[in-house]
Amino acid sequence: MTRALVIGGGIGGLTTALWLHRVGVEVTVFEAVPGVKPLGVGINLLPHTTKVLHQLGLQNRLEATVILTRELRYHSKDGKTIWVEPRACWRCDRESRAGALRHD
Ligand SMILES: Cc1cc2nc3c(=O)[nH]c(=O)nc-3n(C[C@H](O)[C@H](O)[C@H](O)COP(=O)(O)OP(=O)(O)OC[C@H]3O[C@@H](n4cnc5c(N)ncnc54)[C@H](O)[C@@H]3O)c2cc1C
């Protein structure tokens, strides 16, 4: 069996490890920090990201957690609206939906 070492268990390293595992490679991930800690914020998932996560078979786990993005809004520090752009993709395929992954 082919073996691989992945250095770094961030989203890039873990996604690479899952793909290698799927194609039959024995993977070991090395991570410098002792554990994963939330930063206290959500993470915005763009369509190219959700597509890869769907391809990895994670769609049900993703959809149980994600909030679909309806709009992109930029505000100044005093709350004034600078830019609003609809981002809803309700009619597109499930794979291409952008969303925000909740921290909780
Ligand atoms: C505040 C903030 C908000 C963000 N928000 C978003 C967002 O909403 N949407 C989005 O798409 N992106 C967002 N990003 C960007 C996104 O987080 C990064 O692009 C992504 O995490 C990069 O992933 P990565 O796996 O390449 O690197 P990293 O996440 O940096 O992972 C690298 C890992 O390698 C480990 N490492 C390094 N050196 C070694 C070593 N020698 N041995 C072992 N382990 C090692 C590190 O500890 C780390 O865990 C945000 C970034 C920040 C900082």
Sparse-neighbour loop sites [trypsin sites (Lys or Arg not before Pro); region 36-90; at most 10 other C-beta within 10 Å; DSSP] | K77, K80
Pulled fully out, how much extra length does the chain show between V52 and A4, if you take 0.36 nm times their separation in residues and subtract their Cα-Cα distance?
-> 15.2 nm
With each label point set 7 Å from Cα along the Cα-Cβ vector, what nm distance links E31 and I67?
-> 2.5 nm
Calculate the spin-label point distance for V41 paired with L14, positioning each point 7 Å from the Cα along the beta-carbon direction, and give it in nanometres.
-> 1.8 nm
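Read-outs throughout are calculated quantities, based only on the coordinates presented, and are distinct from any laboratory measurement. Computed from a predicted model, the values in this text were never measured in an experiment. Every residue, glycine among them, receives a Cβ derived from its backbone with ideal geometry; neighbour counts consider all protein chains shown.
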